[in-house]
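First up is the structure itself, then whatever we jot down about it.
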Amino acid sequence: MTNPLLQTEGLPAFSDIRPEHVEPALKTVLAENRAIVDAVTSETAEASWETVVLPIELMDHRLARTWSPASHLNAVVNNAELRDVYNRCLPLLSDYQTEIGQNEALYHAYRRVAQRDNLDPVQRKVVEDALRDFRLSGVALDAADKERFREIMQRLSVLSARFEEHVLDATNAWSLHIRDAAELAGLPEANQARARAEAEQRDEDGWILTLDFPTFHAVMSQAENRQLREAFYRAWVTRASDQASASDSWDNAPVMDEIVLLRQEAARLVGLDSYAAYSLVPKMARDPAEVVAFLEKLAARSRPAAARDMAALEAFAGQTLEAWDVAFYAERLRRKTHAISDEELRPWFPVERVMAGLFQLVEKLFSIRVELLEDVQSWHDDVRYYRITDAAGSDRGGFYTDLYARAHKRGGAWMDDCIGRVDVCGRHVLPVAHLVCNFMPPVNGRPALLSHDEVLTLFHEFGHTLHHLLTRIGYPSVAGINGVAWDAVELPSQFMENFAWDRSVLKSMTGHFETDEPLPDDLLERLLGSRNFMSGMQMVRQLEFALFDFRLHSMDPPPQGEDILALLADVRHEVAVVPYPSFNRFANSFSHIFGGGYAAGYYSYKWAEVLSADAFSAFEENPDGLFGGDAGNRFLKEILEVGGSVDALTAFVNFRGREPKIDALLRHSGIGSEEQATAA
Ligand code: ZN
């Protein structure tokens, strides 16, 4: 029987992949790749692009192609068997990566290639990125330190996976059984229907509310029952912590302690002061001081606005607000001042209609076509597959969507690469992406209706998807989002969000789910008028996460246990305006930095928002409107198509004609431009 994870043509055979395929496939590819490295390094006398770099690029592609479906399934249809085999594979993968990164013969071969003067600029970027990564993997260390570095990397990969598992298990384990309908007052009908269906499925009466994001969000912003909101808030912010009501075997505190210690030790081993400094080496920001100054400057600008937001909210509520009251009264105040609410808007945003509008938009912007392909096999009935073709009619790639929340699926929204683009030596592989969200699923035959926030999320992830798919680069390590400085990677995603605030785009992507009537003008104006509602509070919340992350990874020695909580409390004292109950253990479920790739990198959202807002202002300045002129075409050419083959600042300057300015971000968020802020 052939192993579906070893197939190298077409889309992954998702419905044929079984847990027992994962480990043998990985071992096969790792063994083949090691043989390639041996072969490449035995002929280094003639180190050239073709004899050294190309084979390594292709073997990395092969490994990603085998591993990506397995890690994707682990994230979206998690189960004990798959988790077990995934965890067995992590150390194999980590050891392999460290071994390649520390291979001196390979490093010297790359150095010899770098000395040749026949490399084109893209090839030079590939080689220079690789040399930097060798140094960051400890290639220059002595044998004992190399071994310690390897151990650290292996342990970190295990700990990150454990962190995610604890969050997932803690989220799945919690539910609330409600027997009295009065307790659900204010909760939208769709959420109530879903809770009733959950109870029926478990053979219970009443309603069972689960802790997925759509339910959590609906309760926090709409449930009139204060005890219900408090219960949900407590459950959410104590997940995977000592304060949780459920199993303490999911407490992430010891996992976090060990992660920050090991990251710091790894950074020290390769000669850097902190993990923050280590993390910045491949990023746009030059050093930790620049990042801290950037965040503190934004905080100083936005904190007064946030304090005004909070004061307005308390005046409106007529009482001192607790953390579980803020979203609820904010929604009420929004209804009062802007005459608009999430629930009122949803009927105009059925998911299919929004997707069609999004596809029309990118057709206008980038001259591409997106079409649904039927009969593509996948891992769940909710999944769809779309193909992208360009103006010349050429296939550019495709993407899977998996949009709805369900049990055993990781929370949040993300884009991940499924297959990377290859175009070398007669080999052509088109890129494929995963676009994953956690929206409310359709209930009772009614289509999934999105809130405007969810529309923004969809546009955001679609921006990442286009970045991965529209690349013209054929070398895997710098194709699509690969090789893009992490603090610039949110440029295309946040850029796309801007369009979900444009009148003509909103008109064309809305259609009432019963009548297909587009969003009425008065509702549209009220939505646009509410854009900067509570934007000061939103800004400081992002800054709180970013500052906590960055300081956590800058300290030597890193804080442990209570001191991590104290650090978060300090940051909150400095920037936050929402009260913070002592049981809050937000950090224990902060997957971006402990489970995902945003360690000492959460600031990237704000950093890249300067770029994305400034990039969008090039469209706003266009005298012929957003779609006139050639800004779309230039964004396609200078940002999306080049992927990681050009350094991020150069790519931005090539598009914008100058270096980025912060003004557009401040203007879009209603916090005032540089000049106004100085004057005020
Ligand atoms: Zn993103």
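The values are calculated or read from the model by the stated rules, or taken from the named source; none is laboratory data. Bear in mind that the values here come from a model prediction, so they are computed numbers and not experimental data. Positions of Cβ are backbone-derived with ideal geometry, glycine not excepted, and every protein chain shown enters the neighbour counts. Areas reflect the complete protein model, heavy atoms only, side chains present, ligands, DNA and RNA absent. Shrake-Rupley method; radii C 1.70, N 1.55, O 1.52, S 1.80 Å.
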| Of all residues in segment 575-591, how many are within 21 Å of residue 285 (Cβ to Cβ) and either within 16 Å of the ligand (Cβ to nearest atom) or out of contact with any helix residue (DSSP H, G or I) (no Cβ under 7 Å at 6 or more places or on another chain) (or both)? | 1
| Would you say residue 35 is under 27 Å from residue 104 (Cα atoms), exposed (fewer than 14 other Cβ atoms within 10 Å of the Cβ), free of Cβ contacts under 8 Å to residues at least 40 places away in the same chain and within 34 Å of the chain's Cα centre (by Cα)? | no
| Only one of (1) in contact with a Gly (Cβ under 7 Å, 6 or more places away or on another chain); (2) within 16 Å of the ligand (Cβ to nearest atom) is not met by residue 532, so which one is it? | (2)
| request: Those residues that are more than 13 Å from the ligand (Cβ to nearest atom), closer than 18 Å to residue 552 by Cα and small (Gly, Ala, Ser), I need them from segment 592-614; list them, please. | output: 595, 599, 600
| remark: Taking segment 250-286 and the residues there that are over 23 Å from the mean Cα position of the chain (by Cα) and not in a helix (DSSP H, G or I), the one that is farthest from residue 606 (Cα to Cα) would be 251
| When residues of segment 311-366 are limited to those that are part of a helix (DSSP H, G or I) and of a type in the set (Phe, Trp, Tyr), the one nearest to the chain's Cα centre (by Cα) | 359
| query | How many residues, within segment 125-139, are open to solvent by 30 Å² or more (accessible area, probe 1.4 Å) and closer than 13 Å to residue 271 by Cα? | reply | 1
| Under 8 Å by Cβ, and 6 or more places apart or on different chains, what pairs join a residue from segment 456-473 that is more than 19 Å from residue 363 (Cβ to Cβ) and open to solvent by 10 Å² or more (accessible area, probe 1.4 Å) with one that is of a type in the set (Lys, Arg) and assigned to a loop (DSSP other than H, G, I, E, B)? | 473/421
| Applying the selection to segment 406-438, what residues are away from the ligand (no atom under 16 Å from the Cβ), modelled with pLDDT of 95 or more and touching a Pro at 6+ places or on another chain (Cβ under 8 Å)? | 418, 419, 420, 421, 422
| Conditions: (1) over 30 Å from residue 345 (Cα atoms); (2) in contact (Cβ under 8 Å) with a residue 40 or more places away in the chain. Residue 573 meets all but one. Number of the miss? | (2)
| query | So which of 120, 142, 95 is open to solvent by 20 Å² or more (accessible area, probe 1.4 Å), of a type outside the set (A, V, I, L, M, F, W, C) and within 26 Å of the chain's Cα centre (by Cα)? | reply | 95
| Can you tell me which residues in segment 476-503 are within 11 Å of the ligand (Cβ to nearest atom), polar (S, T, N, Q) and open to solvent by 10 Å² or more (accessible area, probe 1.4 Å)? | 494
| query | Yes or no: residue 65 out of contact with any Cys (no Cβ under 8 Å at 6 or more places or on another chain), charged (D, E, K, R), buried (at least 17 other Cβ atoms within 10 Å of the Cβ) and in a helix (DSSP H, G or I)? | reply | yes
| request: Could you check how many residues of segment 287-298 are part of a helix (DSSP H, G or I) and open to solvent by 10 Å² or more (accessible area, probe 1.4 Å)? | output: 8
| task | Provide a single number: the residues in segment 172-199 that are part of a helix (DSSP H, G or I) and within 23 Å of residue 341 (Cβ to Cβ). | result | 12
| Residues of segment 439-466 being more than 16 Å from the ligand (Cβ to nearest atom) and either aliphatic (A, V, I, L, M) or in a loop (DSSP other than H, G, I, E, B) (or both), which ones? | 440, 441, 442, 443, 444, 445, 447, 448, 449, 450, 451
| Among the candidates 159, 228, 168, which residue alone is assigned to a helix (DSSP H, G or I) and open to solvent by 20 Å² or more (accessible area, probe 1.4 Å)? | 168
| field | Given (1) farther than 20 Å from residue 456 by Cβ; (2) open to solvent by less than 60 Å² (accessible area, probe 1.4 Å); (3) in contact with a Phe, Trp or Tyr (Cβ under 8 Å, 6 or more places away or on another chain), number of the condition residue 332 does not satisfy | value | (2)
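Each row is one residue, and each column tells you yes or no for (1) outside any loop (DSSP other than H, G, I, E, B); (2) more than 15 Å from the ligand (Cβ to nearest atom); (3) closer than 19 Å to residue 599 by Cβ.
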{"residue": "471", "(1), (2), (3)": "no, yes, no"}
{"residue": "474", "(1), (2), (3)": "no, yes, no"}
{"residue": "518", "(1), (2), (3)": "no, yes, no"}
{"residue": "537", "(1), (2), (3)": "yes, yes, no"}
{"residue": "542", "(1), (2), (3)": "yes, no, yes"}
{"residue": "548", "(1), (2), (3)": "yes, yes, yes"}
| message | Checking residue 516 against (1) out of contact with any Lys or Arg (no Cβ under 7 Å at 6 or more places or on another chain); (2) on the phi < 0 side of the Ramachandran plot: exactly one of these is not met. Which one? | response | (2)
| query | Could you list, in sequence order, the residues of segment 615-670 that are touching a Lys or Arg at 6+ places or on another chain (Cβ under 6 Å) and over 29 Å from residue 482 (Cβ atoms)? | reply | 627
| message | Here is a check on your reading of the model: is residue 506 open to solvent by less than 30 Å² (accessible area, probe 1.4 Å), within 14 Å of the ligand (Cβ to nearest atom) and closer than 25 Å to residue 354 by Cβ? | response | no
| note | All conditions in (1) in a helix (DSSP H, G or I); (2) touching a Gly at 6+ places or on another chain (Cβ under 9 Å); (3) not basic (Lys, Arg) are true of residue 574 except (2)
| query | For residue 426, all conditions in the list (1) farther than 29 Å from residue 170 by Cβ; (2) open to solvent by 20 Å² or more (accessible area, probe 1.4 Å); (3) in contact with a helix residue (DSSP H, G or I) (Cβ under 7 Å, 6 or more places away or on another chain) hold save one; what is the number of the exception? | reply | (3)
| query | Among the numbered criteria (1) open to solvent by 10 Å² or more (accessible area, probe 1.4 Å); (2) within 28 Å of residue 575 (Cα to Cα), which single criterion is violated by residue 549? | reply | (1)
